[in-house]
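The values are calculated or read from the model by the stated rules, or taken from the named source; none is laboratory data. All of these numbers come straight from a predicted model, not from anything done at the bench. Neighbour counts are summed over all protein chains in view; Cβ atoms, including those assigned to glycine, are modelled from backbone coordinates with ideal geometry.
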Amino acid sequence: MHTRLLNHWLGLALLLAVPNPVPASAAAPLTPPVITTGPVLQCPMETSMTVTWITDRKTTAAVEYGPLQGTLKTAVASHHGLVDGNERTHKVTLENLEPGTVYRYRVISREIVNLRHYRVDHGEAITNVFQEFRTLDRRKQGYDFLVFNDVHGQATNIPNLLQAAGPKPYDFVIFNGDILSFVTNETQISAILNQAVASFASTTALYWVRGNHETRGDLAPQLPAYLGLPGDRYYYSFDHGPVHFIVLDGGEDKIDEHREYGGRADFFRYRREQGEWLKQEVRSKAFRRSKYQVVICHMPFPSKQAADPKRTKEPGAFLGMPDAFEQFGATLEKAGVDLMISGHMHVPAIVPPERGRHSYPIVQGGGDKGTNRTIIRVAVDQAGLSANILRVNGSSFGQCRVPTRR
Ligand SMILES: [Fe+2]
């Protein structure tokens, strides 16, 4: 760390001492750049971890990382042969990590003072203090994880709910959709991510699963730039301990042609595409060999009551969940899963299995108001899964116990 800073200051001193061939108007400000958001740990896997952060101006983006004892490496991201790093929003995925291993990491950003055809000059580097994380590990016997849903932009609910969830350890945190009500500016995203960092996300990684509200607003198409998403998709799977997790993106709850979407929605086609992926996914070794399979989806689409389009004043409009059931329901039922974790309805519920629809329970977190604000704490061990819905005041709404089937 010191060597890098020393080199850097040396470089800066030389830069100031030598006549600058660039016009004064093009010179960079003397103040170093500032990290305004993060760094945030996102999308943990057994062999990878994504680090995201935002700077107040365009900078390069690198992550220095390594085991607690031993040599550090530097990772950068690149696209089409060019290293990312003349942006304000940064995302670097650390790869080829060892499962169940603690790593230290810090981010490094340097302003590009001049970017010309045959010469690039850098400004001062900024970094954060080293933090630590542990990668996931399918050999782990048991652990806890937490699930938030429907925070709807109220970042201050995060520490309150976290307190209700009880003490650490928990191995990761899932943001299960509608963490924002809409995505219209970076400040909204930063407020949530910075609160996550203040509460846990510099050492415990999060998955941000998209809810229907995060599809709304003019910045919604750019949301992936701020999130860790495997393969840049909102639907994927991962393994930790005896559990294989499937993350689904239910899309919007109404028909694509609904006036609210102004012609921007294409979710019926998107869910068909995702349904095809899901058919392959449940055939994977990871799915078949895991002791438990858990589905994470913002909308509780298999629930007959929740998916009933007649439950609203616009019965012809709310066909998103029935379509999700059509695209995903039979595949999940045939493959056999143990538990689904959802939100969206703004009332906590433990939906028991319903014949012909879902043979697994659905644990549904609450909403964004009063005691309906909940967090779900799930304990995993060899005997089963235990999902506890905890209200913001610390009381339990209910617990769902799923014993092992094998
Ligand atoms: Fe929702």
Legend entry - Scan of segment 315-337 for residues that are buried (at least 19 other Cβ atoms within 10 Å of the Cβ) and either touching a Cys at 6+ places or on another chain (Cβ under 9 Å) or outside any helix (DSSP H, G or I) (or both), ordered by number: Phe318, Leu319, Ala324, Phe328, Val337
Legend entry - Qualifying residues in segment 299-314 (those that are part of a loop (DSSP other than H, G, I, E, B) and either closer than 16 Å to Gly251 by Cα or polar (S, T, N, Q) (or both)) - the one farthest from the ligand (Cβ to nearest atom): Pro302
Legend entry - Residue list for segment 209-229, filter: within 19 Å of Val173 (Cα to Cα) and either away from the ligand (no atom under 14 Å from the Cβ) or basic (Lys, Arg) (or both): Arg210, Leu223, Pro224, Tyr226, Leu227, Gly228, Leu229
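One line per residue, one yes/no per condition, for (1) within 16 Å of the ligand (Cβ to nearest atom); (2) part of a strand (DSSP E or B); (3) out of contact with any Cys (no Cβ under 9 Å at 6 or more places or on another chain):
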position	(1), (2), (3)
Ile126	no, yes, yes
Glu132	no, yes, yes
Lys140	no, no, yes
Gln154	yes, no, yes
Leu161	no, no, yes
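Suppose we keep only residues that are within 15 Å of the ligand (Cβ to nearest atom) and of a type in the set (Gly, Ala, Ser) within segment 246-265. Which one would you say is farthest from Arg289 (Cα to Cα)?
Looking only at segment 246-265, we keep the residues that are within 15 Å of the ligand (Cβ to nearest atom), and these are 248-254, 258, 260-261, 265.
Filter again for of a type in the set (Gly, Ala, Ser), leaving 250-251, 265.
Details: Gly250: 26, Gly251: 29, Ala265: 36 Å.
Here the residue is Ala265.
So which strands (runs of 3 or more DSSP E) are wholly in segment 1-118 and hold at least 2 residues that are buried (at least 16 other Cβ atoms within 10 Å of the Cβ), among the aliphatic types (A, V, I, L, M) and at pLDDT 95 or above? Outline the logic, then answer.
Working: elements: 35-42, 49-59, 62-67, 73-75, 87-94, 102-116.
Of the strands (runs of 3 or more DSSP E) lying wholly inside segment 1-118, those with at least 2 residues that are buried (at least 16 other Cβ atoms within 10 Å of the Cβ), among the aliphatic types (A, V, I, L, M) and at pLDDT 95 or above span 35-42, 49-59, 62-67, 87-94, 102-116.
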